[in-house]
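Shown next, in structure tokens, is the structure this report addresses.
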Amino acid sequence: MIEAAFFCNELRERGTDFFAGVPDSLLKHLCAYLAENVPADTYHIAVNEGAAVALACGYHFATGKIPLIFMQNSGLGNAVNPLLSLADGDVYRVPLVLVIGWRGEPGVPDEPQHSKQGRVTRELLGAMEIPFVVLAKEETAARRQVAECYESIARTGSAFAFLVQKDTFLPYRMKSDEESGALMSREEAIEAVVTSAPGDHVIVSTTGMASRELYELREKYRMGHERDFLTVGSMGHASQIALGIAHGCARSCARQKNPLRVIVLDGDGAVLMHLGALASLGVEKPENVLHIVLNNRAHDSVGGQPTIAGHVDLCGIARACGYERVLRVETRAALQEALKNTDNGLTFIEVVVKKGSRQDLGRPRSTPEENKIALMRYVQSF
Ligand SMILES: Cc1ncc(C[n+]2csc(CCOP(=O)(O)OP(=O)(O)O)c2C)c(N)n1
């Protein structure tokens, strides 16, 4: 394994002094190092990976320097458009260093949502004509690769990528940023939703630990999983899946008078990633959608890196987008109270929670497809 400090110093020696991206668990030690060791105005957690590419391009236009963009390979999808239609050599030819966490690497056990992505990551980069290496886990080889990266960039004027395998970076311990214990945990908030959700409902939960916690809570209360859609990948799209379900139910559910409630359990990082979804919901106003954002101001599931949600008025945005009932709660009692009156049109509840999860949190034991089939059967039975 290599030190994040070593890798960053190699880059900095070659003039890279701007770091933007969306975090990944495979890059958490790199992000932790950057957070504490580079000036705050040069380290940016972007709302999505495409935004990070654009941000880095802008920095290059202003400085001529070669910025670095970090992301999980899941984020390549968000980045493809700006990589090919902004930074590419056929367009503005922007030199970029990409550092990409390689989830789902063939032969390495991982979650289903990473499997295809991991299998095709190299081919995707190849199709985009972005040269890459798998970052070595040993300093001499890694140093050689960094030299190769900047030689390639000097030759092509375009991007070069490092694919980062599991256990490439040595642990970097950040100073503790433990939050006050007064706030609920995400899991406690989800428990309150699961145990006091109104009537017949389905829950569309967001990417990361929220979905795992929901799955475990359904086990704990022996509730079955057929009412849940776990958005295990596709970060930021849970609320649009819910909107689609709501539209479908409105057309086909027999019990139109009392439609199935569709509850979104979103994360702050996820909601910021595709914030435009709020505008779609707010304008379309499906009356049976309850959008809950569990705001821990962090990308908790991949290492706790901060989002910008602590500086953004999510309720104000929801209101401005047209949500009819908007609330912000900080306690379990307030959340339970808020959940009592959710049949008055499109509702948004921001739940302020603390970071962190149980150490022994499990993972769904049924496959995504099994979950989907059970959910479809449940929804279509109305
Ligand atoms: C497009 C994409 N980028 C990055 C990731 C990696 N990822 C998985 S969960 C997560 C953090 C989600 O943060 P948030 O929505 O705030 O929920 P929390 O983990 O804090 O509960 C990230 C960045 C991903 N799955 N997909």
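Couple of notes before you dig in:
- Beta carbons closer than 7 Å, at least 6 apart along the sequence or on distinct chains, pair a first residue in region 140-168 that is touching a residue at least 40 places away in the same chain (Cβ under 8 Å) with a second that is among the β-branched types (Val, Ile, Thr) and surrounded by fewer than 18 Cβ atoms within 10 Å (Cβ to Cβ) for Phe162/Val133; Leu163/Val134; Gln165/Val134; Lys166/Val108.
- No other residue among Leu124, Leu55 is touching a residue at least 12 places away in the same chain (Cβ under 8 Å), within 20 Å of Phe19 (Cβ to Cβ) and surrounded by fewer than 21 Cβ atoms within 10 Å (Cβ to Cβ) apart from Leu55.
- Meets criteria (touching a Pro at 6+ places or on another chain (Cβ under 6 Å), more than 10 Å from the ligand (Cβ to nearest atom) and either at pLDDT 95 or above or of a type in the set (Gly, Ala, Ser) (or both)) for Ala56: yes
- Single unsatisfied condition, Ala338 versus (1) of a type in the set (Gly, Ala, Ser); (2) under 21 Å from Glu187 (Cα atoms); (3) within 16 Å of the ligand (Cβ to nearest atom); (4) surrounded by 18 or more Cβ atoms within 10 Å (Cβ to Cβ): (3)
- Enumeration of residues in region 208-236 that are of a type outside the set (Val, Ile, Thr) and within 13 Å of the ligand (Cβ to nearest atom): Gly208, Met209, Ala210, Ser211, Arg212, Glu213, Leu214, Leu230, Gly233, Ser234, Met235, Gly236
- Any chance Leu217 is surrounded by 13 or more Cβ atoms within 10 Å (Cβ to Cβ) and either more than 18 Å from Asp24 (Cα to Cα) or under 22 Å from the mean Cα position of the chain (by Cα) (or both): yes
- Ile245 vs. criteria within 26 Å of Ser381 (Cα to Cα), in contact (Cβ under 8 Å) with a residue 12 or more places away in the chain, within 16 Å of the ligand (Cβ to nearest atom) and among the hydrophobic types (A, V, I, L, M, F, W, C): no
- Of residues in region 7-26 being touching a Phe, Trp or Tyr at 6+ places or on another chain (Cβ under 8 Å) and within 13 Å of the ligand (Cβ to nearest atom), the one nearest to Phe70 (Cα to Cα): Gly21
- Note on region 293-313: among residues that are within 7 Å of the ligand (Cβ to nearest atom) and assigned to a loop (DSSP other than H, G, I, E, B), the one that is surrounded by the fewest Cβ atoms within 10 Å (Cβ to Cβ) is Thr307.
- Options Ser239, Ser196, Ser205, Ser185: the member that is more than 14 Å from the ligand (Cβ to nearest atom) and either of a type outside the set (Phe, Trp, Tyr) or in contact with an Asp or Glu (Cβ under 9 Å, 6 or more places away or on another chain) (or both): Ser196
- Residues in region 343-353 that are of a type outside the set (Phe, Trp, Tyr) and crowded, with 19+ Cβ neighbours inside 10 Å were compared, and the one that is nearest to the ligand (Cβ to nearest atom) is Val353.
- Residues of region 35-53 satisfying the condition of being out of contact with any Pro (no Cβ under 7 Å at 6 or more places or on another chain), within 15 Å of the ligand (Cβ to nearest atom) and of a type in the set (A, V, I, L, M, F, W, C): Ala35, Ala46, Val47, Ala51, Ala52
The values are calculated or read from the model by the stated rules, or taken from the named source; none is laboratory data. Fair warning: this is a prediction, and the values are worked out from it, not measured in the lab. Ideal geometry is used to build each Cβ from the backbone, glycine not excepted, and the neighbour counts take in all protein chains shown.
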